[in-house]
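J.: Pasting a structure below so you can have a look.
The values are calculated or read from the model by the stated rules, or taken from the named source; none is laboratory data. Nothing here was measured: the structure is a model prediction, and the numbers come from that model. All Cβ positions, even for glycine, are placed from backbone atoms using ideal geometry, and neighbour counts span all protein chains on display. Accessible surface areas use protein heavy atoms only, side chains included; no ligands, DNA or RNA. Shrake-Rupley method; radii C 1.70, N 1.55, O 1.52, S 1.80 Å.
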Amino acid sequence: MVAEVIINSSVKDLNKTFDYQIPNEMDVHIGSRVFIPFGRKKDLEEGIVIGLKEKSQYEIKEIAGLQPEQIRNEYVELAKWIADRYFCNISDSLKLMLPPGRTTKNVDKRIETKKINSISLAKDIITIKKDIEDGIIKTKKQIDVLEFLMRNDNSTMQDIELFTDGTVAVVNALVKKGYVEKKAKKVERNPFLHKITNRTSNLKLNDEQQVAFESIKDKGKYLIYGVTGSGKTEIYLQLIERNLKNNKSSIMLIPEISLTPQTVDRFISRFGEDEIAVLHSKLSTGERFDAWNRIKDGRAKIVIGARSAIFAPAVDLGMIIIDEEHDESYQSESTPRYDALEVADFLANKFEIPLVLGSATPDMKNFYKSNNGEIKKITLTERANESKLPDVEIVDLRNELANGNKRMLSESLQKAIFNNLKINKQTILFLNRRGFSTFVMCRDCGNTIKCKRCNITLTYHKDEGKLKCHYCGHEEKIATVCPECKSKNIKYFGAGTQRLEAEVKELFPEASTIRMDIDTVSKKNSHEEIINRFKNENINILVGTQMVVKGHHFPNVTLVGVISADSNLNMGDFRASEKTFQTLTQVAGRAGREGDDGKVIIQTYNPENYAIEYSKTQNYDLFYNTEIQIRKQLKYPPFCDIIVVAMSSKEETELNKVSRKIHKYLKQRVIDERFGLLLYSPVPSPINKIKDRYRARLIIKCKYDKRIHDLLTDAQNEFYKMKVKTARMSIELNPNNML
Ligand code: ADP
Ligand code: ZN
Ligand code: ZN
């Protein structure tokens with residue numbers, strides 16, 4: 001027999017299989033992971049078998065070795081489907097199905113050691129990256145180890161040997177050079193192990209919950225549509241329990257940002273930690289690897305994780321649950337650009353199991369489907385613990401300015417905070433911009449200081465005295481003279497979370513405050529630390545970005561202030577209103593979750609906008625009915641699909657050439673073959689340069705089908721045929737991020 005093998009390594013551009021003879025004694029299937037000789041390379045390459053056939057038309061080599069581990073058939077099919085649907089190479093989509101880290105080595109020898117050397121970086125990452133770029137560190141193995149440690153600080157020697165080319169000698173050499181240090185320290189393998197929580201048992205479901213629980217049984221798609229606090233999570237818990245009793249696994253996805261130990265605790269305290277595997281991006285490679293193996297061996301039957309946990313090799317999968325299904329983080333923004341909801345749908349069909357979506361503010365597309373019966377809608381109308389929905393007040397910021405209040409906090413919000421402090425209740429203030437000032441401008445020439453690599457203004461971070469680019473991470477010292485005209489008349493405008501915190505401290509010097517944004521949570525556990533401190537130390541005011549609003553449960557919070565509801569509205573995306581409504585509703589859901597009356601104050605310059613107006617009563621139905629009419633009129637999803645053909649290059653001229661050629665190609669085909677679609681001319685992307693690459697795109701509005709899929713595939717092949725220097729092209733289907 002002959003195996004069709006995808007090479008899993010450097011030959012990324014090849015989207016094709018290579019034939020290899022299967023030696024008689026070798027047991028090779030679809031999904032087998034094999035070692036093969038390839039080209040003139042001395043070392044064997046790793047590959048994955050995705051097809052079998054009798055004969056090859058070529059003269060072929062033999063498979064040299066077989067790994068014990070393999071990818072299941074269904075997941076090989078999934079990889080093929082992903083490559084086709086999201087226009088990527090199968091080698092890229094197959095990587096999603098592999099265990100985390102590099103595992104071609106013998107992993108059986110691995111033992112869980114408790115007291116070992118912890119190996120970590122002795123210099124900061126930026127310095128090390130620079131030394132690698134400048135060629136000061138040359139050895140490949142050393143670079144490999146350093147890059148691993150950048151992602152996995154405090155690693156064990158075992159993990160380094162398992163996941164990199166490094167050996168003890170390589171690490172010792174790095175220690176000698178001062179890049180790495182060893183500390184004797186206990187290394188925690190399971191990040192949630194320290195949390196022994198009290199066991200909880202099932203709550204008695206209310207009538208609505210009971211109906212939901214009972215109707216979710218057979219294969220199919222379900223949407224649990226229920227306000228925050230309506231008891232969706234309790235339903236998930238009991239569905240998972242039912243699965244467990246039937247000896248089946250469950251996968252539950254939650255948005256990355258709400259994947260806090262606090263949330264996970266609710267599951268651990270119901271099922272115990274042995275049954276649960278948690279997967280998310282903040283885990284080290286070793287931790288993820290361990291979790292993956294517990295799932296694969298069937299030791300952990302409950303998988304909780306962010307987007308990529310959908311690929312966890314759960315044994316006998318019985319159900320997939322996706323909480324906050326409208327969340328943007330379920331769509332990958334890098335290749336493969338998959339949508340976890342669609343992947344879940346594929347798996348649910350394949351395994352003939354239920355797929356359960358849950359949200360208080362469903363994705364327009366899914367709600368539309370639930371209205372026409374494609375998805376079974378289950379509605380929860382009341383909060384489960386009988387706490388009332390918070391009272392929402394909308395403050396018109398135009399009046400504040402007119403009344404001479406230049407602060408970020410309106411009179412109304414100031415008063416509410418003051419009252420809340422008096423009764424010792426907690427407040428959350430939400431602002432979707434980090435940093436202190438959001439742009440720096442020269443008053444003489446009007447120049448704003450931009451990132452050298454991206455066409456985007458730099459944000460002033462007062463804490464560190466730096467200007468930062470929020471796209472590429474570039475940092476520079478604060479400017480005192482204008483780089484254009486050398487004037488010293490530099491001024492800082494706009495406001496982020498750092499300034500908000502400063503203003504709060506000034507207005508309420510007696511109040512304790514804590515800030516949560518990317519800048520304060522970058523370390524591994526600080527997200528959790530901030531949440532725990534806010535909760536346990538009863539800190540008066542939490543100031544933060546998006547990450548404060550997702551899924552947390554703070555019993556003592558009775559006031560939530562939204563500093564500016566407008567930041568999403570003006571972003572030039574057809575989803576702007578939907579996102580605004582979702583965010584505001586979610587923010588409101590943080591207030592008064594435990595009996596006490598909650599209050600929400602939303603500040604805006606657009607009080608008459610319907611997304612803001614309807615968030616006052618958190619009435620999704622009203623919002624939906626308005627929004628769906630607009631979508632229908634303007635032909636936006638769910639009435640059509642938006643395809644973005646995104647192109648970039650380090651050179652503007654090349655980008656122009658490529659985008660014109662692709663457009664010309666598409667236009668010709670569309671005319672010749674009478675496609676019923678709207679094809680727009682290529683234009684610079686809203687952010688037209690990121691990380692030194694110029695960006696342009698062309699948009700197609702259509703009803704996506706096989707014919708259009710093939711047209712796009714042809715366009716992609718047309719691009720591959722071009723002789724390009726640095727140009728890249730990707731095809732994005734209904735992308736969340738239109739910037
Ligand atoms: P959601 O996931 O919809 O936000 P939760 O499941 O978190 O809602 O429930 C909100 C609150 O109501 C929680 O404190 C939860 O313990 C409580 N709760 C949920 N279901 C019930 C029930 N059947 N009886 C009593 N309390 C419940
Ligand atoms: Zn100037
Ligand atoms: Zn930048």
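J.: In the set 511, 495, 502, 479, which member is within 16 Å of ligand 3 (Cβ to nearest atom) and of a type in the set (Gly, Ala, Ser)?
T.: 479
J.: Moving on. Of the residues 484, 464, which is more than 30 Å from residue 582 (Cβ to Cβ) and away from ligand 2 (no atom under 15 Å from the Cβ)?
T.: Answer to the selection: 464.
J.: Which one is surrounded by the fewest Cβ atoms within 10 Å (Cβ to Cβ), of the residues in region 283-320 that are among the charged types (D, E, K, R) and out of contact with any helix residue (DSSP H, G or I) (no Cβ under 8 Å at 6 or more places or on another chain)?
T.: Taking the candidates together, the pick is 297.
Residue by residue, here is whether (1) acidic (Asp, Glu); (2) open to solvent by 40 Å² or more (accessible area, probe 1.4 Å) holds:
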{"site": "649", "(1), (2)": "no, no"}
{"site": "652", "(1), (2)": "yes, yes"}
{"site": "656", "(1), (2)": "no, yes"}
{"site": "663", "(1), (2)": "no, no"}
{"site": "677", "(1), (2)": "no, no"}
{"site": "724", "(1), (2)": "no, yes"}
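J.: Still on this model: So in region 99-125, with the set limited to residues that are in contact with a Phe, Trp or Tyr (Cβ under 9 Å, 6 or more places away or on another chain) and open to solvent by less than 40 Å² (accessible area, probe 1.4 Å), which one is modelled with the highest pLDDT?
T.: 121
J.: Please determine whether any residue of region 495-510 is more than 16 Å from ligand 1 (Cβ to nearest atom), under 17 Å from residue 436 (Cβ atoms) and in a loop (DSSP other than H, G, I, E, B).
T.: Yes, region 495-510 contains at least one residue that is more than 16 Å from ligand 1 (Cβ to nearest atom), under 17 Å from residue 436 (Cβ atoms) and in a loop (DSSP other than H, G, I, E, B).
J.: Quick one: would you say residue 333 is assigned to a loop (DSSP other than H, G, I, E, B), touching a helix residue (DSSP H, G or I) at 6+ places or on another chain (Cβ under 9 Å) and of a type outside the set (A, V, I, L, M)?
T.: It is false that residue 333 is assigned to a loop (DSSP other than H, G, I, E, B), touching a helix residue (DSSP H, G or I) at 6+ places or on another chain (Cβ under 9 Å) and of a type outside the set (A, V, I, L, M).
J.: Kindly indicate the residue of region 373-402 that is at pLDDT 85 or above, part of a helix (DSSP H, G or I) and out of contact with any Ser or Thr (no Cβ under 7 Å at 6 or more places or on another chain) and also farthest from residue 235 (Cα to Cα) among those meeting that condition.
T.: Selected residue: 402.
J.: Can you tell me which residues in region 213-249 are at pLDDT 95 or above, within 14 Å of residue 357 (Cβ to Cβ) and either open to solvent by less than 10 Å² (accessible area, probe 1.4 Å) or within 16 Å of ligand 2 (Cβ to nearest atom) (or both)?
T.: Across region 213-249, the qualifying residues are 216, 223, 224, 235, 236, 239.
J.: Report yes if residue 445 is away from ligand 2 (no atom under 11 Å from the Cβ), part of a loop (DSSP other than H, G, I, E, B) and among the hydrophobic types (A, V, I, L, M, F, W, C), otherwise no.
T.: For residue 445, the condition - away from ligand 2 (no atom under 11 Å from the Cβ), part of a loop (DSSP other than H, G, I, E, B) and among the hydrophobic types (A, V, I, L, M, F, W, C) - is not met.
J.: In contact with a Leu (Cβ under 8 Å, 6 or more places away or on another chain), open to solvent by 10 Å² or more (accessible area, probe 1.4 Å) and assigned to a helix (DSSP H, G or I): does that describe residue 350?
T.: Criteria met by residue 350.
J.: Report whether or not residue 428 is in contact with a strand residue (DSSP E or B) (Cβ under 7 Å, 6 or more places away or on another chain) and modelled with pLDDT under 90.
T.: So residue 428 does not fit the description; no.
J.: Regarding residue 63, is this residue surrounded by 12 or more Cβ atoms within 10 Å (Cβ to Cβ) and touching a Lys or Arg at 6+ places or on another chain (Cβ under 7 Å)?
T.: Spelling it out, it is not the case that residue 63 is surrounded by 12 or more Cβ atoms within 10 Å (Cβ to Cβ) and touching a Lys or Arg at 6+ places or on another chain (Cβ under 7 Å).
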